[in-house]
Amino acid sequence: MKKYGLGIVGFFILVILDQYTKYIAIHHLKDTTGVEIIPGIFRLEYLENRGAAFGIFQGQQILLLLITVGILLLLAGLYYKTPVQRKYIPMQITILCIAAGAVGNMIDRIGRQFVVDFFYFYVINFPVFNVADCYVVIGVALAVLLILFYYKEEDFAFLNRAKK
């Protein structure tokens with residue numbers, strides 16, 4: 001377990017940062033018209049999202065929790081199986097980012113029955129999102145880049161169930 005200590009600490013720091021930003025949003029943006037950060041482009045605007053990405057699965061909290069738990073179990077297994085070598089640090093970071101984002105939004109779903117969103121790029125009318133969403137998007141984007149350009153097929157041999 002010691003070999004994963006730094007990653008676990010990083011994971012908790014990410015989750016705490018996400019929850020802190022949501023706390024700020026609740027206490028400073030709720031019941032306001034929001035705060036314009038970049039005129040005509042970006043603002044902080046409080047929104048209670050009772051669904052998932054882009055508002056899909058509205059009111060389906062149990063389904064979303066089950067999906068999240070399943071994803072977290074897969075990520076935990078992958079993180080555990082990933083070799084503790086310098087080469088795999090980028091993979092471990094992406095796993096932790098995705099997991100921290102999933103847990104951050106899961107905490108909201110369990111504790112509030114909705115996810116707090118507050119970043120809004122209204123110049124392109126992009127859906128309102130939060131820090132946990134950023135973790136997931138950045139983690140998935142990094143994973144795709146790593147798989148396409150950094151790791152080779154043989155670097156994933158550790159995922160094979162059969163022992164050699």
The range 84-108: number of residues that are in a helix (DSSP H, G or I), surrounded by fewer than 21 Cβ atoms within 10 Å (Cβ to Cβ) and over 13 Å from the mean Cα position of the chain (by Cα): 6
Number of positions in the range 123-164 that are open to solvent by less than 90 Å² (accessible area, probe 1.4 Å), in contact with a helix residue (DSSP H, G or I) (Cβ under 9 Å, 6 or more places away or on another chain) and farther than 26 Å from residue 18 by Cβ: 5
Single match in 33, 21 (criterion: among the β-branched types (Val, Ile, Thr), open to solvent by 100 Å² or more (accessible area, probe 1.4 Å) and out of contact with any His (no Cβ under 6 Å at 6 or more places or on another chain)): 33
Every pair of residues 6+ apart whose Cβ atoms lie under 6 Å, when the first sits in the range 98-112 and is closer than 14 Å to residue 130 by Cα while the second is at pLDDT 95 or above and of a type in the set (Gly, Ala, Ser): 98/139; 101/132; 104/132; 105/132
Unique residue being more than 24 Å from residue 126 (Cα to Cα) and at pLDDT 95 or above when the list is 93, 38: 93
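The values are calculated or read from the model by the stated rules, or taken from the named source; none is laboratory data. Quick caveat: nothing in here was measured; it's all calculated off a predicted structure. Note: ideal-geometry Cβ built from the backbone for every residue, glycine included; neighbour counts use all protein chains shown. To get the accessible areas, we keep the full protein, side chains included, count just its heavy atoms, and leave off ligands, DNA and RNA. Shrake-Rupley method; radii C 1.70, N 1.55, O 1.52, S 1.80 Å.
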